[in-house]
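Let me begin by presenting the structure, written as structure tokens, before commenting on it.
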Amino acid sequence: MKVEHAGWQWTAHVVLIALSAAALLPFALLLVSSFTDEQAILQHGYSFFPDKFSTQAYDYLLNQSSEIVRAYGVTVLVTVVGTSVSLAITTLLAYPLSRRDIPLRTPLAFYVFFTLLFNGGLVPTYLMYTQLFDLKNTLLALIIPGLLMNGFHVLLMRTFFMTSIPLPVIESAKIDGAGEFRTLYSVVLPLSLPILATIGLFQTIAYWNDWFNGLIYLTEPKLFSIQNILNRIMTDIQFLSNSNLGSAASQGMAALPSTTVRMAIAVVGVLPVLVAYPFFQKYFIKGITIGAVKG
Amino acid sequence: MIREDLHEGKVKPMAQLTARQEERTWPGVAYARRLGRFKRFVPLFLMMLPGLVYLLINNYLPMFGLIIAFKDVNFAKGIMASDWVGFKNFEYLFKTRDAYVITRNTILYNGAFIVINLVVAVAVAILLNEIRSKLLSRFYQSVILLPHLISMVIVSYLVFSFLSIETGFLNKSLLPALGIGEISWYTEAKYWPAILTLVNIWKHAGFYCVVYLAAIVGIDPEYYEAAKLDGASRWQQIRAITLPLITPVITMMTLLAIGRIFYSDFGLFYQVPMNAGALNETTNVIDTYVYRSLMQLGDIGMSSAAGLYQSVVGFILVLVSNYIVRKINKENALF
């Protein structure tokens, strides 16, 4: 019995270490590549153990590319604004739906739920946002379409309100003379931090990672987020040097170290997520579990 | 919760209860009461307004927009004023070989993903459950989940660093070491079913693993105690206790995935093969087809027809799979 158990332990550890390595190795290759000398890569390819290290790619990014800095700004702005607005309207919709006394509760919940079952797809959505609302080449195009509110999150939050906020708490706030907004703000929300954190986290990741809206609604490089830049230079690395043509011509810019710069930009794009991950992994895992069980 | 609402019976008693309490605490004439009751809910409806309007715009308007699949869109006339052409767009679409290829690819890939993700995730979850150190278990879980967190654009860079024809790790380091010649990954379609399946597992197995682990952790330890007393081996415990007890979760997750089998992960099929035309035979799915016809060819008729095809068949599949879930276990159904 003891021996058998030890055997299981060992197998489990070995398999999981192998899987963890498989999960991490691609990131290692990306990181090492971005610090490799351009010539070494051209000769020997991307490698875990390069012949020669270099910070060439990062120097280039720092000195030559205002694009990257601006794109970073766009990503941060869109993520902050998008997540805040998203949390606000999600909460404001979920709370009344959680109240058992509100009229039309069932049809309204179904109105939210039906959006999870059926959708119009890309073509009508694209035509509507570009023709009817003129979102093409605006920053709003990175915030509004598809991402701003998710019916699933509304239903998750509503379930949380219904199961975790005791009715007497709301009642007593009303008896004290608090209006609905006041009750929500100073009584319900302080008790709802776990669900707010979970959905805020999901939204932050969704906005930070989004490239799709930029791909279909933006043609103007000035508005590109970091993901859009990455998307663009995957196939067209010259995009970087072209868009900086003015400054490059006057400074006699060094040749673009294209294979490493690509990797360096990818590192810059993914690094914040990787660095923050250890701090939020607990909530992320918990959020996934809630979503799967309650959904 | 939805379920609960739809079977109104469950909700109503609660509503009546509060309504009755209300009547007791609200002395006054009938109309004042009715007016007061309506007024009482005005702030709540105001709260809901932004969210409801957003869903109307982002979700419901495009649903009605699906009718453009039956139109010959002419921007000069305006979209809604364009001529009706009946099923012409669909005739064109289904005459092409594309319709067959994208349907086949979408269903085969998603089918493979469902099976492989399930097997891998359940196996890993069972192994994770064996780890006695809470700290290590949490560590493994977090690391395996990490790929789920990053964007497909980044994933395409990671894949590119391995597969790049001139500078990739495989062509420059691994294949030479094995004595195999360079392979032109981004022009040879036959490798991509394996590559995309692998990338998909790498990215998503951790997610399913977390879900199944939560189900396993929820099993009452008394079952295992009893089994141990009876002298059951670890393997027997897994087969006789763990697997049967997480079967409801497996069934639910799988049927939900089958309901979504007509929708594919656009990023996986667009970003990871780097939108390479040479790979279309094995990487084109409905979502990428709709995108390319709309954005690259500007063919609104074809793309809207394919989009409607996806929406409608997808919707039917969701309804059918949910119906089956309901038959098996009402608790697990979505609605």
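Of note:
- Here A:Thr125 qualifies as modelled with pLDDT of 90 or more, assigned to a helix (DSSP H, G or I), in contact with a Pro (Cβ under 6 Å, 6 or more places away or on another chain) and not aromatic (Phe, Trp, Tyr).
Conditions tested, residue by residue: (1) touching a Cys at 6+ places or on another chain (Cβ under 9 Å); (2) touching a residue at least 40 places away in the same chain (Cβ under 8 Å); (3) farther than 30 Å from B:Leu66 by Cβ; (4) not assigned by TED's automatic domain parsing to the domain that holds B:Met252.
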| residue | (1), (2), (3), (4) |
| --- | --- |
| B:Ile102 | no, yes, no, no |
| B:Thr106 | no, yes, no, no |
| B:Ile126 | no, yes, yes, no |
| B:Tyr140 | no, no, yes, no |
| B:Leu146 | no, yes, yes, no |
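- Sub-9 Å Cβ pairs linking a first residue in region A:198-211 that is closer than 17 Å to A:Lys286 by Cα to a second residue that is part of a helix (DSSP H, G or I) and among the charged types (D, E, K, R), at least 6 apart or interchain, are A:Thr198/A:Lys286, ordered by first then second residue.
- Qualifying residue in region A:99-116 (condition: of a type in the set (Ser, Thr, Tyr) and touching a residue at least 60 places away in the same chain (Cβ under 8 Å)): no
- Candidates in region A:37-60 are the residues that are crowded, with 17+ Cβ neighbours inside 10 Å and of a type in the set (D, E, K, R); of these, the one that is nearest to the other protein chains (Cβ to nearest Cβ) is A:Glu38.
- The listed residue being over 23 Å from B:Ile102 (Cα atoms), of a type in the set (Phe, Trp, Tyr) and within 27 Å of the chain's Cα centre (by Cα), out of B:Tyr140, B:Tyr191: B:Tyr140
- Against the test of being modelled with pLDDT under 90 and more than 24 Å from B:Pro248 (Cα to Cα), the options B:Phe169, B:Phe87, B:Phe139, B:Phe162 yield a single qualifying residue, B:Phe87.
- Counting only helices (runs of 4 or more DSSP H) wholly contained in region B:218-270, the ones carrying 3 or more residues that are in contact with a Gly (Cβ under 9 Å, 6 or more places away or on another chain) and in the same structural domain as B:Ile328 (by TED's automatic domain parsing) occupy B:243-259.
- A single entry from A:Ser84, A:Ser20, A:Ser34, A:Ser66 fulfils the requirement of being within 7 Å of another protein chain (Cβ to nearest Cβ) and either farther than 30 Å from A:Leu191 by Cβ or not acidic (Asp, Glu) (or both): A:Ser20.
- Residues of region A:137-173 classified as surrounded by 15 or more Cβ atoms within 10 Å (Cβ to Cβ) and either more than 12 Å from chain B (Cβ to nearest Cβ) or assigned to a helix (DSSP H, G or I) (or both), total: 21
- Residue within region B:227-242 that is within 26 Å of A:Ile285 (Cβ to Cβ), polar (S, T, N, Q) and modelled with pLDDT under 90 present: no
- Counted as qualifying within region B:76-163 are the helices (runs of 4 or more DSSP H) with 1 or more residues that are surrounded by fewer than 19 Cβ atoms within 10 Å (Cβ to Cβ) and of a type outside the set (A, V, I, L, M), namely B:88-95, B:97-130, B:134-145.
- Residue ID - nearest to A:Asn228 (Cα to Cα), chosen from residues in region B:257-274 that are in contact with a Ser or Thr (Cβ under 7 Å, 6 or more places away or on another chain) and of a type outside the set (Phe, Trp, Tyr): B:Gln271
- Residue in region B:68-86 that is aromatic (Phe, Trp, Tyr) and under 26 Å from the mean Cα position of the chain (by Cα) present: no
- Hey, A:Gly177 more than 9 Å from every other protein chain (Cβ to nearest Cβ), of a type outside the set (Phe, Trp, Tyr) and not in a helix (DSSP H, G or I) or not: yes
- The helices (runs of 4 or more DSSP H) found wholly in region B:279-332 and carrying at least 3 residues that are facing chain A (nearest Cβ under 10 Å) occupy B:286-291, B:300-328.
- Region B:165-185, residues that are out of contact with any Phe, Trp or Tyr (no Cβ under 9 Å at 6 or more places or on another chain) and within 13 Å of chain A (Cβ to nearest Cβ): B:Glu166, B:Leu175, B:Pro176, B:Ala177, B:Glu182
The values are calculated or read from the model by the stated rules, or taken from the named source; none is laboratory data. Not measured: the values here are computed from a predicted model. Every residue, glycine among them, receives a Cβ derived from its backbone with ideal geometry; neighbour counts consider all protein chains shown.
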